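The values are calculated or read from the model by the stated rules, or taken from the named source; none is laboratory data. No experiment lies behind these values; they were computed from the predicted model shown. Using ideal geometry, Cβ is built from the backbone for each residue, glycine included, and neighbour counts are taken over all protein chains shown. Calculation scope for accessible area: heavy atoms of the full protein, side chains included, ligands and nucleic acids excluded. Shrake-Rupley method; radii C 1.70, N 1.55, O 1.52, S 1.80 Å.
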Amino acid sequence: MGILEKISEIEKEIARTQKNKGPEPQVGVLKAKLAKYRAQLLEPSKSASSKGEGFDVMKSGDARVALIGFPSVGKSTFLSLMTSTASEAASYEFTTLTCIPGVIEYKGANIQLLDLPGIIEGAAQGKGRGRQVIAVARTADVVIMMLDATKGEVQRSLLEKELESVGIRLNKHKPNIYFKPKKGGGISFNSTVTLTQCSEKLVQLILHEYKIFNAEVLFREDCSPDEFIDVIVGNRVYMPCLYVYNKIDQISMEEVDRLARKPNSVVISCGMKLNLDYLLEMLWEYLALTCIYTKKRGQRPDFTDAIILRKGASVEHVCHRIHRSLASQFKYALVWGTSTKYSPQRVGLTHTMEHEDVIQIVKK
């Protein structure tokens, strides 16, 4: 029996067990087995590594956004509108067969946008070019899930299921569970909250499934068995996702209003160039980038060339971005902007910068 058959069998068994309201520990163990087989499925076989072309695209710019969706939802048209890159667009499916990178220039930042080939159902099992598409999606900072507004919710749930099965968790945070395998001493289990979904027995059964018999486990929030399995496996990617509904010019206003009110969703029309500005604003918010401007002593700030950093970056991060030896020669910095109580304010390396602050660094 191959891995795909085993996965299929376990999925059926989980469905049966949950329907019969069977014992919860049994479902947890089955889910652990399922996660193990799916991990094996994603490991590229040694013989296949030399065949076929991958989608190795050099990471460039200040952030990377992956454009994922079913064939013919408008990904290539969107790339051509947003960047200076022309991706072949046509009304038939599978127009794009490889990964096409483009660059969105917005608020002084260069955002790399990757137009990935259309995903089909069963991509996680390697159908179509699904496995390569999903591997690239894991390296992105944000996923834009392009959906056809005329096709209802079916596309969204299928894509979420495909990404979920390969360890990409959309709009979720990392479970607050402390887990550390040890050399001996058995399994020590504790929790700082009341657990409604997991028990000590279930945690032990899941760990035994992974052949872990000595470990320290501390639940700091009420997590499900799936989330605990994610912590054990340790290779899950948690990333923000924007659900973009395209072709809104082909549906009713009531339907547009309903889709626009859904969380993490934006409605657009690439054909009629509707709402693209708002999508860029939302993308900027999800990427959580900050523009910092530099200033030399006695001169005006340089607003033509911003340093792009992640939200919450400190003065030390700015120093490293300018030159790697600058932090060791740092004396103090003068900062103008919203992060200071008064302008300019004299600050140290740990001061947190905010969007569009101006900084002047003084060396020893």
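Amide H to amide H, which residues 5 or more places from Cys99 or on other chains are under 5 Å from it, using H placed in the peptide plane?
Distant-sequence amide H within range of Cys99: zero hits.
Going by amide H atoms built from the backbone, whose H comes under 5 Å of the H on Ser191, apart from near neighbours?
Close amide H contacts, sequence-distant or interchain: Phe219.
On a full-extension model of 0.36 nm per residue, what is the gain between Lys262 and Asp277, subtracting their alpha-carbon distance, rounded to one decimal in nm?
The span from Lys262 to Asp277 would gain 3.5 nm if fully extended.
DSSP loop (so not H, G, I, E, B), at most 14 other Cβ within 10 Å: list which trypsin sites (Lys or Arg not before Pro) in segment 281-341 pass both filters. Before the final figure, lay out each step's value.
Details: sites: Lys295, Lys296, Arg297, Arg310, Lys311, Arg321, Arg324, Lys331, Lys341; in loops: Lys295, Lys296, Arg297, Lys311, Arg324, Lys341.
Hits after loop and neighbour filter: Lys296, Arg297, Lys311, Arg324, Lys341.
Name the residue from Ile292, His317, Ala327 whose Cα lies farthest towards the positive end of the charge dipole of segment 290-363, charges +1 on Cβ of Lys and Arg and -1 on Cβ of Asp and Glu.
The listed residue farthest towards the positive side: Ala327.
What is the dipole size for segment 290-363, taken about its Cα centre, with +1 at each Lys and Arg Cβ and -1 at each Asp and Glu Cβ, in debye to the nearest 20?
Details: 12 positive and 6 negative charges, 57 e Å.
Computed charge dipole of segment 290-363: roughly 280 debye.
Solvent-accessible area of Phe330, probe 1.4 Å, all protein chains present, reported in Å² to the nearest ten, please.
20
Residue separation times 0.36 nm, minus the C-alpha to C-alpha distance between Ser60 and Arg220: what's the value? Don't skip to the answer; put the middle values down first.
Numbers: separation 160, 0.36 × 160 = 57.60 nm, distance 3.71 nm.
Full-extension gain reported as 53.9 nm.
Would you please give the FRET efficiency between Ser188 and Ser252, computed as 1/(1 + (r/R0)^6) with r the Cβ-Cβ distance and R0 = 51 Å, to the nearest 0.05? Before the final figure, lay out each step's value.
Numbers: r = 58 Å, r/R0 = 1.13.
Efficiency, from the Cβ-Cβ distance: 0.30.
What are the ³J(HN,Hα) values, in whole Hz, obtained from phi via the Karplus relation 6.51 cos²θ - 1.76 cosθ + 1.60 with θ = phi - 60°, for each residue of segment 332-340 in sequence order, with x given for Gly and Pro?
So the J values, rounded to whole Hz, are 7, 10, 9, 10, 10, x, 6, 7, 10.
Give Lys36/Lys174; Lys36/Lys75; Lys174/Lys341; Lys36/Lys182 a once-over and call out the pairs whose C-alpha atoms are over 24 Å from each other. Display every interim value, and only then the final one.
Working: Lys36/Lys174 19 Å; Lys36/Lys75 33 Å; Lys174/Lys341 34 Å; Lys36/Lys182 21 Å.
Among Lys36/Lys174; Lys36/Lys75; Lys174/Lys341; Lys36/Lys182, the Cα-Cα distance tops 24 Å for Lys36/Lys75; Lys174/Lys341.
I need the calculated FRET efficiency for the pair Ser8 and Arg300, taking r as the beta carbon distance and R₀ as 56 Å, to the nearest 0.05. Display every interim value, and only then the final one.
Working: r = 66 Å, r/R0 = 1.18.
FRET efficiency, Ser8 to Arg300: 0.25.
Leaving ligands, DNA and RNA out of it, work out the accessible area of Ser157 with a 1.4 Å probe and give it in Å² to the nearest 10.
60
Give the shape of segment 290-363 as rounded, prolate or oblate, defined through the alpha-carbon gyration tensor: a ≥ b ≥ c are the square roots of its eigenvalues, a/c under 1.5 means rounded, and otherwise the shape is prolate if a/b is larger than b/c and oblate if not. Each step should come with its number before you reach the end.
Values: a/c = 1.15, a/b = 1.10, b/c = 1.04.
Cα axes put segment 290-363 in the rounded bin.
Convert each backbone phi in segment 223-229 into a coupling constant with the Karplus relation 6.51 cos²θ - 1.76 cosθ + 1.60 (shift: θ = phi - 60°), then list the ³J(HN,Hα) values in order as whole Hz, x for Gly and Pro.
So the Karplus estimates, Gly and Pro as x, are 9, 8, x, 4, 5, 5, 4 Hz.
Using θ = phi - 60° and the Karplus relation 6.51 cos²θ - 1.76 cosθ + 1.60, list the HN-Hα couplings for segment 255-263 in order, rounded to whole Hz, with x at every Gly or Pro.
Values, residue by residue: 5, 4, 4, 5, 5, 5, 8, 5, x Hz.
Which residues' amide hydrogens lie under 5 Å from the amide hydrogen of Leu113, considering only partners 5 or more residues apart or on another chain, with H built in the peptide plane?
HN-HN under 5 Å from Leu113: Val65, Gly102, Val103, Ile104.
So if R0 is 22 Å, what FRET efficiency would Asn235 and Glu153 give, r being the distance between their Cβ atoms, rounded to the nearest 0.05?
Values: r = 29 Å, r/R0 = 1.31.
Computed FRET efficiency for Asn235 and Glu153 comes out at 0.15.
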